[in-house]
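Asker: Supplied in structure tokens, the structure appears directly below.
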Amino acid sequence: MSMGNKSENKKPRFKYGSQASKDALSGYLYVSPFFLLFTVFGLFPILFNMYVSLFSWRLFKGEPEFIGFQNYVWLLTDDPTFIKSIVNTFSMWFMATLPQLFLALVIAFVLNQAFVKFKDMFRMAIFMPFVTSLVAVTIIFGNLFSRDYGLINFILGTQGLDWLNDNRWLSHFAITLMVNWRWIGYNTIIYMAGLQTISKELYEAATIDGASKVQQFFYITIPQLRPIILFTLIMSVSGGMQLFVEPLVWAGAGGGADNQVLTMFLYMYNTAFGVQYNIGYGAAIGWVMFIIIILFAILNWIISTKLIKD
Amino acid sequence: MKRFGLILMSLMLLFSFALAACSSSEEGGEAGEGTPEAPADGGEEATPETPEGVIELTFASIANTGFGPLIEKYNAENENVQINFQEQSFDDHHNAFATALAAGSGVPDIAFVEIGRLEGFKASQDSFTNLYDFGAKDVTGIYLDWKIAQAENADGSFLFGLPTDIGPMAMAYRTDIFEEAGLPTDPNEVSALITDWDKYIEVGKTVLEKTGKPMSDSAGTMFDTFTGQLTELYFTADDELILESNAAVKEAYDRSIEIAQSGLSAKLGQWSGEWSTGMNEGTFATLMAPAWMMNYMTGSAPDASGKWNIAQMPVASGNWGGSFLTVPASTEYPQEAYDFIEWLVNEENSYEVFKETGNFPSIPGIYEKPEIQDWTSEYFSGAYVGKIYAEAALRIQPVWLGTDYATVHNALKDAINNVDLNGADPEAAWNEAMDTIKRELR
């Protein structure tokens with residue numbers, strides 16, 4: 001690789017064999033593993049997924065047939081199951097996220113108070129659920145919610161109440177409890193880290209001015225934690241939109257006989273890898289899901305920045 | 001531009017390294033798997049790990065098949081063919097096999113496939129070896145006709161696999177509940193009482209009235225049973241959908257709905273914890289049980305021992321489950337693979353497997369053996385379960401399911417569960433199922 005005199009004068013630092021060019025080369029080599037892995041395991045599957053979604057493509061069912069955007073047309077205009085799965089996903093996200101973040105914030109605030117003893121123990125205890133296996137948790141919750149011999153029905157005195165089947169929103173609520181049991185601790189730990197950064201002087205000044213703990217929470221803690229709250233909110237959007245294991249384990253791959261807990265992700269999985277192996281349609285669901293999640297995250301970001309500013 | 005050139009160069013360099021690494025590891029992997037390679041020109045001696053001429057066949061299977069000891073025996077007796085037996089759980093094995101088959105890599109030489117999954121693979125005939133080309137015609141005679149028909153394509157010219165076990169069905173019933181309802185408890189009398197499904201519903205109403213207990217575990221199980229007794233179902237042999245013109249399917253649907261709506265269903269999901277608790281505690285009176293269900297019941301509902309008895313199902317017999325051994329087309333040694341499976345499921349070995357696991361054999365010749373004729377079960381009040389299931393197996397009629405059987409059947413079963421569990425309107429649920437089926441088959 002020889003270089004002309006002209007360019008040599010313009011950019012001497014890239015002279016072949018010079019220290020500068022070696023530095024640059026090693027820099028690119030250092031960062032290249034990520035880009036290589038991303039190309040192979042990230043970029044290629046994304047693009048190939050796009051390609052697959054343009055076909056009527058069922059595994060073990062003959063050759064794929066190119067149908068253009070027909071899968072998308074079907075998905076958006078003639079698939080009540082998909083619409084139902086979107087409603088379910090948003091319903092469960094909404095039911096889960098607001099109490100989850102609020103409770104986490106309150107718990108973090110309380111645990112951060114000076115009067116609380118054994119802080120480390122509480123911190124660990126609240127985070128414990130997060131390290132459990134999702135499937136195991138769902139199986140246990142499934143037993144707790146069971147109709148005839150479930151502990152929850154026993155405690156509430158609601159024998160014979162079928163949490164999964166009696167009412168669509170009730171089944172969403174049950175899933176919400178499973179999600180929150182696991183995620184409240186995670187968010188609490190993040191908020192506690194955020195609370196450490198708030199200056200003690202603000203609280204001291206507020207106490208001297210006679211503000212109660214509740215007032216301090218709403219007028220100091222929440223505004224100061226704004227960036228952290230935004231972070232947890234966006235994480236919960238991406239997590240909640242991809243809700244999958246809880247409905248799969250609790251209600252099966254179809255999300256219940258009435259598809260009452262079928263989420264978008266579960267519908268995609270069941271279409272692509274269920275009895276049909278319809279990977280063309282499944283790929284299309286994946287793309288539509290992607291767009292929905294991005295739009296929703298943007299909307300969320302706009303609303304929450306406005307809300308918290310005011 | 002030069003910077004771009006540098007990036008390009010470094011990327012190309014890395015790619016070439018990566019590619020070299022990949023290809024060399026592939027070679028290493030193949031050698032490690034013991035695939036015999038053609039000897040080099042110089043006639044070099046083969047390495048000790050892969051002796052020349054030894055064929056290694058991979059056999060992917062589910063666990064608890066009882067094949068382990070037989071394979072050891074085969075490996076000891078045959079120096080030239082060695083079987084590499086790989087066991088996984090039921091779902092893991094079938095998912096891994098489907099993935100491998102779709103991707104066209106990592107496909108085993110021999111694969112265990114359950115009937116429900118085999119149906120879905122039938123449209124992809126090219127992925128399998130036609131066992132009729134390797135001498136299967138000579139041995140199919142020893143198996144049950146309907147079982148062989150399950151493994152054939154529509155015109156019977158292509159055989160996907162050789163049979164392992166079957167799931168002939170009978171009706172298990174709780175003697176304590178029948179007694180409380182003032183009904184006979186002897187199997188012969190029960191068979192005489194429940195001669196068809198209308199009688200079954202009638203008896204169910206008596207049981208409900210006298211004991212307050214539902215007759216069956218769920219309307220969905222009953223729908224499986226009813227449709228399992230039909231000889232023509234959702235598709236013709238040309239894969240034409242005849243669902244809406246087949247009155248028998250609608251009849252099965254309506255009858256399941258009747259069971260759901262008249263309180264004869266305990267509304268328990270199959271395989272749920274409450275289902276086995278129900279078997280244990282006796283919260284429902286009958287269960288349509290294939291032969292392999294006996295193991296499940298004795299394991300999951302041990303306290304009910306002696307409280308169940310078993311009789312033939314009304315109207316006809318049925319089959320639930322059972323599996324086959326297939327040879328995917330990608331194998332290099334179809335003849336050796338076929339010879340092995342022919343040996344593995346021959347009469348003598350099937351008999352061994354039955355004695356070890358209790359998996360019901362597909363070979364009627366075995367039914368005359370004392371292990372089946374004298375097989376009684378304490379759990380089922382001392383009933384001659386071997387005789388009952390052997391008789392059921394001989395009564396089964398073959399039916400063509402079609403490659404999209406599961407899509408159609410799941411939609412209909414969802415509709416019934418929707419009525420049974422969620423209290424949906426039966427006609428609306430049926431119409432919704434028809435729409436779903438049309439959408440999913442487009």
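The values are calculated or read from the model by the stated rules, or taken from the named source; none is laboratory data. Values in this document were obtained by computation on a predicted structure and should not be read as measured data. Glycine gets a Cβ as well: all are built from the backbone with ideal geometry, and neighbour counts include every protein chain shown. Ligands, DNA and RNA are excluded from the accessible area calculation, which covers all protein heavy atoms including side chains. Shrake-Rupley method; radii C 1.70, N 1.55, O 1.52, S 1.80 Å.
Asker: With axes computed from alpha carbons, what is the tilt in degrees of helix B:68-77 against the longest principal axis of chain B, rounded to the nearest 10 within 0 to 90?
Answerer: 40
Asker: Once the dipole of region A:72-309 is set up with Lys and Arg at +1 and Asp and Glu at -1 on Cβ about the Cα centre, which of A:Phe122, A:Gly142, A:Leu164 lies farthest towards its positive end?
Answerer: A:Phe122
Asker: Work out the charge dipole of region B:249-364 with +1 on the Cβ of Lys and Arg and -1 on the Cβ of Asp and Glu about the Cα centre, then indicate which of B:Thr331, B:Val353, B:Ser265 is farthest towards its positive end.
Answerer: B:Ser265
Asker: Shifting gears a bit: Spelling out what I want: for every residue of region B:294-311, take phi, set θ = phi - 60°, compute 6.51 cos²θ - 1.76 cosθ + 1.60 (Karplus), and round to whole Hz; glycine and proline get x.
Answerer: 4, 4, 5, 5, 5, x, 9, 10, x, 5, 8, 4, x, 9, 9, 9, 9, 9
Asker: Only Cα pairs within less than 10 Å get springs; with that Gaussian network setup on chain A, which residue of A:Tyr267, A:Tyr51, A:Tyr149 has the largest fluctuation?
Answerer: Maximum fluctuation in the GNM of chain A, among the listed residues, is at A:Tyr149.
Asker: Given the whole protein assembly as supplied and a 1.4 Å probe, what does the accessible area of B:Thr164 come to in Å², nearest 10?
Answerer: Roughly 20 Å² of B:Thr164 is accessible to a 1.4 Å probe.
Asker: Describe numerically, in nm with one decimal, the distance between label points set 7 Å from Cα along Cα→Cβ at B:Thr376 and at A:Met121.
Answerer: 6.1
Asker: Please list, in order along region B:386-392, the HN-Hα scalar couplings obtained from phi with the Karplus expression 6.51 cos²θ - 1.76 cosθ + 1.60 (θ = phi - 60°), rounded to whole Hz, x for Gly and Pro.
Answerer: Going residue by residue, I get x, 4, 4, 6, 5, 5, 4 Hz, with x marking Gly and Pro.
Asker: Interface size between chain B and chain A, please: total buried accessible area, 1.4 Å probe, rounded to the nearest 100 Å².
Answerer: Adding both sides of the contact gives about 3400 Å².
Asker: Once the principal axes of the Cα atoms of the protein assembly as shown are found, what is the range along each, listed largest first in whole angstroms?
Answerer: Between the extreme Cα coordinates on each principal axis of the protein assembly as shown lie 96, 88, 51 Å.
Asker: Okay, moving on. For a quick check: with amide H placed at 1.01 Å from N, whose amide H comes under 5 Å from B:Phe128's, ignoring anything fewer than 5 positions away on the same chain?
Answerer: Correct list: B:Ala329.
Asker: Enter the mean number of other protein chain beta carbons within 10 Å of the beta carbon of each residue in B:432-442, as an integer.
Answerer: Counting other chains' Cβ atoms within 10 Å and averaging over B:432-442 gives 3.
Asker: On to the next question. With a point put 7 Å past each Cα toward its Cβ, work out how far B:Glu202 is from A:Trp301 in nm, to one decimal.
Answerer: Modelled inter-label distance: 7.1 nm.
Asker: Cβ neighbours within 10 Å, averaged per peptide: list B:89-101, B:351-363 in order, most packed at the top.
Answerer: Descending packing order for the listed peptides: B:351-363, B:89-101.
Asker: Also: Identify the residues of region B:401-442 with backbone N under 12 Å of a label point that sits 7 angstrom from the Cα of B:Glu232 along the Cα-to-Cβ direction, or state none.
Answerer: none
Asker: Over 24 Å between Cα atoms: which of B:Lys210/B:Lys387; B:Lys210/B:Lys307; B:Lys205/B:Lys267; A:Lys119/A:Lys213 fall into that group?
Answerer: B:Lys210/B:Lys387
Asker: Further question on the same structure: Once amide H atoms are built 1.01 Å from N in the peptide plane, which residues 5 or more positions from B:Ala170, or in another chain, come under 5 Å H to H?
Answerer: B:Ala289
Asker: Suppose accessible area is computed on protein heavy atoms with a 1.4 Å probe; arrange A:Asp120, A:Asp79 from highest to lowest.
Answerer: A:Asp120, A:Asp79
Asker: Which value in Å is the Kirkwood Rh of chain A over different Cα pairs?
Answerer: 23.5
Asker: Mind putting together the pair-distance distribution for chain B? All Cα pairs, 10 Å bins, whole percent per bin, short to long.
Answerer: P(r) for chain B, in whole percents per bin: 4, 18, 26, 23, 14, 8, 4, 2, 1, 0.
Asker: Could I have the simple spin-label model distance between A:Tyr51 and B:Ser105, label points 7 Å from Cα toward Cβ, reported in nm to one decimal?
Answerer: Result: 1.4 nm between the two label points.
Asker: On to the next question. Going by alpha carbons, how many degrees (0 to 90, nearest 10) lie between the helix axis of B:197-211 and the longest principal axis of chain B?
Answerer: Approximately 70 degrees, to the nearest 10.
Asker: Oh, and also: Which net charge results for the neighbourhood of B:Glu440, defined as the other residues with beta-carbon distances under 13 angstrom from its beta-carbon, given Lys and Arg at +1 and Asp and Glu at -1?
Answerer: -1
Asker: Please give the net charge around B:Glu209, taking every other residue with its beta carbon less than 14 angstrom from that of B:Glu209, where Lys and Arg add +1 and Asp and Glu add -1.
Answerer: +1
Asker: Just to be sure I understand the curve: with the Debye formula and one point per C-alpha of region A:18-68, what is log10 I(q)/I(0) at q = 0.28 Å⁻¹?
Answerer: -0.96
Asker: Give me the dipole magnitude in Debye, nearest 20, for chain B about the Cα centre, with unit charges on the beta carbon: positive for Lys and Arg, negative for Asp and Glu.
Answerer: 1520
Asker: Hey, can you list the DSSP H helices of chain A whose Cα span along the axis is 30 Å or longer and whose average Kyte-Doolittle score is at least 0.5?
Answerer: Long hydrophobic helices here: A:80-111, A:279-309.
Asker: Here's something else I'd like to know. Output wanted: per-residue J couplings in Hz (rounded whole) for region B:158-165, from phi through Karplus 6.51 cos²θ - 1.76 cosθ + 1.60, θ = phi - 60°, x for Gly and Pro.
Answerer: Taking θ as phi minus 60°, the curve returns 10, 10, 7, x, 9, x, 9, 10 Hz for region B:158-165.
Asker: Per DSSP H run of at least 4 residues, take -39500 (n - 2.57); add these up for chain A, divide by its residues and hand me the 222 nm value, nearest 500 deg cm²/dmol.
Answerer: -21500 deg cm²/dmol
Asker: List the chymotrypsin sites (Phe, Trp or Tyr not before Pro) within region B:257-291 that DSSP assigns to loop and that have no more than 14 neighbouring Cβ atoms inside 10 Å.
Answerer: Hits after loop and neighbour filter: B:Trp271.
Asker: Right, here's the next one. What angle, in degrees between 0 and 90 and rounded to the nearest 10, separates the Cα long axis of helix B:426-441 from the longest principal axis of the Cα atoms of chain B?
Answerer: 10
Asker: Show the residues, 5+ positions off or on another chain, whose built amide H is closer than 5 Å to the amide H of B:Trp400.
Answerer: For B:Trp400, the qualifying residues are B:Leu233.
Asker: With +1 assigned to the C-beta of every Lys and Arg and -1 to the C-beta of every Asp and Glu, and no other charges, what is the dipole magnitude of region A:72-309 about the Cα centre in debye, to the nearest 20?
Answerer: The dipole of region A:72-309 has a size of about 580 debye.
Asker: Could you work out the local net charge near A:Val131, counting Lys and Arg as +1, Asp and Glu as -1, over the other residues with Cβ closer than 14 Å to its Cβ?
Answerer: +2
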